[in-house]
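Okay, so here's the structure we're looking at.
Values in this text are rule-based calculations from the coordinates and carry no lab data. All values reported here derive from a predicted model rather than from experimental measurement. Here the Cβ positions follow ideal geometry from the backbone for every residue, glycine too, while neighbour counts run over all protein chains shown.
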Amino acid sequence: MLALLFGLSILLAAVLVIRPSQTSKALAFTSLFVLPLTVSYLGVETHIENSKQTTFCTSCHVMGKHGRSLLVDDTTILAASHYQGGRIPRDRACFTCHTTYTMYGDMQAKLRGVKHVLVNYFGKVPDTIKLYEPYHNRECLHCHEGARRYLKGETHTAEPGRMEKMRLNQLSCVSKDCHDTVHVASEVDSLPLWKPEGVK
């Protein structure tokens, strides 16, 4: 559909250039404004949907190890246990847990996303990846809050008010003695990987 609209837009623009005297104002307006804007909108929407794919996130060299850490054969690693246990959609693993990142977050996050693209093509890509700000519990709680396993977890209810602190992001889900090993990107090359049949 997108390719068809793009081709139609070029064809109508060519007609306008070749035979301007035989072109109506409505056709000119459509070919110069309506179709290009429609194609641009659909193109951006398509690319945003594609960028939610795990394969897109891990296609950058610098994110490759983070992607492989989803397959580490150790279910105590948070990202691996969620990915391998089917707790998140495998085809959208990165996006599911990082919904406020780059183009999916606020305007500041979107601007950082543009910077990432520019650095990837024109600058020096850093060797290590780190979050711009501490990981917020809302990313965990949008799936886990209200879940029986979460509500009955011994560590979650270890003291009065603990769950409220987690809900208010006063106690991090990824803090020491909780889920402190999220990715093992720096060690992934030396660890055994889970190799399921039929899972991409």
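Can you tally the net charge around residue 77? Count Lys and Arg as +1, Asp and Glu as -1, for every other residue whose Cβ sits under 14 Å from the Cβ of residue 77.
-1
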Relative frequency of Cα-Cα separations exceeding 32 Å in the chain, percent: 37 percent
Whats the longest run of the chain with zero GluC sites (Glu not before Pro) that are DSSP loop and have at most 10 other Cβ atoms within 10 Å? 1-153
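Within the stretch 93-181, list the trypsin sites (Lys or Arg not before Pro) lying in a DSSP loop whose Cβ has at most 12 other Cβ atoms in a 10 Å radius. Mind showing how you got there, number by number?
Numbers: sites: 110, 112, 115, 124, 130, 138, 148, 149, 152, 162, 165, 167, 176; in loops: 124, 130, 176.
Those that pass, being in a loop and sparsely packed, are 124, 130, 176.
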Within the under-14-Å Cβ sphere about residue 50, not counting residue 50, Lys/Arg +1 and Asp/Glu -1 give a net charge of -1
Selection of trypsin sites (Lys or Arg not before Pro), the stretch 1-98, meeting DSSP coil and at most 16 other Cβ within 10 Å: 87
Near residue 130, which lysines are there with a Cα under 24 Å away, not counting those fewer than 8 places off in the same chain? 52, 65, 110, 115, 176
Any idea what the relative contact order of the chain is, in percent, if you count C-alpha pairs under 8 Å spaced at least 6 apart? 22 percent
Quickly work out the residue 186-to-residue 133 label distance, labels modelled 7 Å from Cα along the C-beta direction, and quote it in nm with one decimal. 2.5 nm
Crossing angle, helix 2-18 versus the chain [Cα axis fit, 0-90 degrees, rounded to tens]: 30 degrees
Hydrodynamic radius by Kirkwood, which averages 1/r over all alpha carbon pairs of the stretch 110-187, in angstrom: 15.1 Å
In the stretch 63-133, the chymotrypsin sites (Phe, Trp or Tyr not before Pro) that sit in a DSSP loop and have at most 11 other Cβ atoms within 10 Å of their own Cβ are 132
Folded to 0 to 90 degrees: helix 35-50 orientation relative to the chain principal axis, Cα: 20 degrees
